[in-house]
Every structure is written in structure tokens, then in C-alpha cells.
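Worksheet for the structure shown next.
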Amino acid sequence: MIEIQYLESTDNLRRAIEKNHGWRPNLEQARGIAACLRQGRLFFEAARRSPLEIRPLELYYGSSAYAKALVLSSDRTLRLDSLEQSHGVADKSPHNARLGDLVVQINGKGTFAQFNDCLRQFRPSVQTLGLRYNGTGSSSLSGTQIRLKDILGRIPGIEGIYGATFHEPANVDFLQVNDRDNNNNEVWAIAAPAPAWQALHYLKWRKNVEDFLVSLSHCLNRFPFLRRWLPRDASLSASGGTITFVNIEDRGESTATEWHGGPLKLTRQLVYPFATFEPSHDLVGPLFAVPGRLDGGYYIQPIKDHHIAIPSVQFLGLHLLSSLVRYRPATWMHSLSGSSGDARPADDAMLALIEAFLQDVQRTIPVFVAEIIRPGLTN
């Protein structure tokens with residue numbers, strides 16, 4: 001976390017905020033931000049040495065400190081002592097709830113609300129197709145309750161272990177974006193993951209097309225914003241594939257030819273002239289940016305019609321797990337022990353997934369914070 005340590009210098013911090021965010025903190029403001037960054041770094045360093053039994057608590061406190069640093073960096077009118085003192089989220093889990101059924105409720109005010117809303121002030125350093133960091137605003141999220149299972153199913157990087165744990169696909173996908181088509185500067189392309197090719201009928205071309213159309217339907221159901229986009233080509237296999245969409249108005253046969261090609265590669269020829277549309281935020285998902293990925297963004301399945309930003313989802317997960325450590329130690333220790341009895345069955349199936357989540361948090365949150373305050377510092 002040397003990048004965070006670099007920003008703990010008030011001189012470095014003030015220059016970074018002035019250059020990248022258009023205002024220069026005074027010395028008091030810079031000291032407040034630097035103090036939060038230092039506290040976050042120290043909690044994260046302590047978490048590296050801590051056992052799983054207490055690690056969620058340290059990572060949550062560290063993430064809360066990082067969240068305050070970003071809030072202060074986003075608003076020149078704020079001071080550290082003027083920030084909301086409450087967490088802004090609450091554990092609403094039923095008594096003796098199993099790990100996956102732990103429930104967090106979002107409140108209208110507090111650290112979470114300020115952090116979630118401040119993300120709209122920041123833009124990725126490479127603004128490909130309107131990728132963003134922010135999602136639904138906190139006022140709309142107030143009162144929303146979310147289970148731990150639903151949170152962990154929306155974390156990039158742990159999709160595989162989630163699928164193995166629950167025998168269902170995770171609710172997060174990476175969509176590759178080509179910001180301009182090679183042959184036309186007005187055409188953008190999004191490559192979306194397609195379901196596994198259920199049947200490879202090498203000698204039955206019509207059956208291939210029928211199977212592909214089923215895959216296309218699944219793809220559109222998973223990414224409904226692509227319904228306006230024109231599917232142009234597809235690469236498919238037994239383990240999955242991609243379908244590429246372009247921002248061209250679909251006018252039937254006057255826009256593109258029928259599908260043709262081999263069993264694993266399908267394409268359509270565009271018919272000129274065609275009409276493109278400008279891919280505004282409403283027509284791209286939203287796709288969430290992450291530092292270090294310049295070739296696309298993540299689509300997170302909505303929770304109760306809300307698209308919650310990735311850092312905000314991480315915050316919610318950490319709060320639930322830290323609450324488990326603090327206020328439900330018997331439940332947490334039972335899960336860690338792997339024991340079972342007549343009164344309480346084992347509840348250790350999610351432990352590897354939780355470990356993967358904590359490792360992901362430890363790796364990605366400091367990078368995100370540094371990239372927000374001083375873009376390019378983590379390259």
C-alpha cells in the first residue's frame with residue numbers, strides 16, 4: 001500500500017487533489033484526509049496478520065476510514081469533525097440466522113450514505129463509453145435490506161467460488177467494450193458473455209441457429225440494456241462465449257443480414273447506410289469501472305431494482321461480517337469450527353467464499369482509493 005503512504009503526505013495529497021479534482025485543500029482539510037488514509041492503511045496492515053476470526057472487523061474499520069477520506073476529498077465544504085458519526089447501515093439479521101441469511105439495512109444518513117453518494121463526483125481516468133464508479137443514490141436506497149449471500153454474489157473476482165458454493169451463477173459479469181469500431185468512428189461494440197453452448201450440432205446448421213437464438217435470449221434477459229443494441233456476431237463454445245452488440249438501430253433486414261457462418265462463429269453483415277445512437281449512461285447498464293481494467297466494465301445485477309456501486313457493495317458486506325464478529329461471536333465461532341449438532345447444523349459452507357471476499361477487499365480497496373485521489377498512481 002505504498003500508494004496510500006505516498007498520499008499521507010499533506011504536500012502530495014494537496015497537489016493530487018488540486019490537479020485531479022479542481023480544488024486545493026487547506027492544511028486542516030489535508031491533515032484530516034491524511035489521517036483517515038493512514039488509519040485505513042494501518043487497519044489493513046493489521047488485518048494481514050490477523051486470523052479470520054477477527055479480520056472482518058479490522059477491514060471494516062479500515063474501509064470506513066478510507067470511505068471518509070474519499071468523502072472529504074470530494075467536497076471542499078466538509079471537515080473531518082463535520083462528517084456523520086453513524087455507520088449508516090444496520091444489522092437486521094434474524095436470531096440464529098445462517099451466514100448467507102445475515103441481513104444489512106441501509107439507512108438514509110451516515111458514513112455509508114456519504115460514501116456512496118460521493119462516488120458520483122469521481123470519473124474513471126479512461127472514460128470508455130461512460131463507465132462510472134457510482135450507482136443508485138443513497139436516498140433511494142434508504143430502507144433497503146440485503147442478504148450477505150446477495151452481496152457476495154455481486155463482487156467481481158470471486159464469481160467462481162460463489163458459483164461452486166451455491167451451485168448458481170454469480171450476479172456480476174465483465175463486459176468488454178471497444179470504444180470505437182475499426183471501420184466507423186460512430187460505432188461502439190460491447191462483448192457480453194453468453195451461456196454455455198448447450199449442443200454443438202456441427203452437421204445441423206439450422207439447429208445451431210436455433211440454439212444460438214436461445215443463448216441470445218438468455219443474454220438479453222441478463223443484460224436488458226442491450227435490447228436496443230444490435231447483435232452483430234458471436235463466438236460460442238461448450239463452456240460459454242461472447243455475443244457482440246453494436247449501437248445501431250435495428251430496422252430488421254434493412255439493417256443486417258441473417259446469421260451465417262460455422263458452428264462456433266456466427267456473424268451478420270451490416271447493411272449500409274445504418275443509423276447509430278449515442279450510447280448514453282442509460283444505454284450502458286450501468287457498467288461499473290474498476291482501476292486497472294481499461295477494456296470494459298462490470299454489470300452488477302440490480303438488487304430490488306437498484307444498481308449498487310461495487311465499493312458500496314463491499315462496504316455492506318464488510319459491515320455485516322464485522323457485526324458478526326462483534327455482536328454474534330457464538331454464531332461466528334460455530335461456523336468457523338465446522339461442528340454440527342442436533343440443535344445447530346454446521347454452517348461452514350461459505351467460509352472459503354468469505355475468505356475470498358476478504359482477500360479481494362484487501363487487494364482492491366486501497367488501489368481504488370489511491371486511483372480516485374491520484375489517477376495513475378497505481379499503474
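None of the figures in this text is laboratory data; all of them are computed from the coordinates on show. Being a predicted model, the structure only gives us computed values, none of them experimental. We place every Cβ from the backbone using ideal geometry, glycine too, and count neighbours over all the protein chains shown.
Below, the figures for the structure above:
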{"quantity": "Computed lengthening from W23 to S239, 0.36 nm per intervening residue step minus Cα-Cα distance", "calculated": "72.8 nm"}
{"quantity": "Positive minus negative residues near D117 (Lys, Arg vs Asp, Glu; Cβ under 14 Å)", "calculated": "+2"}
{"quantity": "Mean Kyte hydropathy of -1.0 or more with a Cα span along the axis of at least 30 Å, helices from DSSP in the chain", "calculated": "27-48, 351-373"}
{"quantity": "Normalised per residue, the volume of the convex hull around the Cα set of segment 1-158 (Å³)", "calculated": "141 Å³"}
{"quantity": "Percent antiparallel among DSSP beta bridges (both partners in the chain, rounded to 5)", "calculated": "95 percent"}
{"quantity": "Relative pair counts by distance (%), Cα atoms of the chain, 20 Å bins", "calculated": "26, 51, 22, 1"}
{"quantity": "In nm, spacing of pseudo-spin labels at T276 and L294 (7 Å Cα→C-beta vector)", "calculated": "2.1 nm"}
{"quantity": "Given charges at Cβ of Lys, Arg, Asp, Glu: the chain dipole, positive-most of G297, V103, S215", "calculated": "V103"}
{"quantity": "Subset of K92/K304; K19/K149; K68/K149; K149/K265 violating a 29 Å alpha-carbon distance limit", "calculated": "K19/K149; K149/K265"}
{"quantity": "Sequence-distant residues sharing a close amide H with G297 (under 5 Å, placed H)", "calculated": "L175, V177"}
{"quantity": "Förster radius 51 Å - calculated FRET efficiency between H167 and R228, Cβ distance, rounded to 0.05", "calculated": "0.95"}
{"quantity": "Relative contact order [Cα under 8 Å, 6+ residues apart], the chain, whole percent", "calculated": "20 percent"}
{"quantity": "Paramagnetic label zone (point 7 Å from Cα along Cα-to-C-beta, I54; backbone N under 19 Å) in segment 337-352", "calculated": "337"}
{"quantity": "Net charge, I303 excluded, C-beta distance under 10 Å - Lys, Arg +1, Asp, Glu -1", "calculated": "+1"}
{"quantity": "Segment 86-110-segment 1-62 distance, computed between alpha-carbon centres (Å)", "calculated": "26 Å"}
{"quantity": "Virtual spin-label span in nm between A46 and R15, 7 Å along Cα→Cβ", "calculated": "3.2 nm"}
{"quantity": "Residues whose placed amide H lies under 5 Å from that of N107, excluding near-sequence neighbours", "calculated": "V89, A90, G143"}
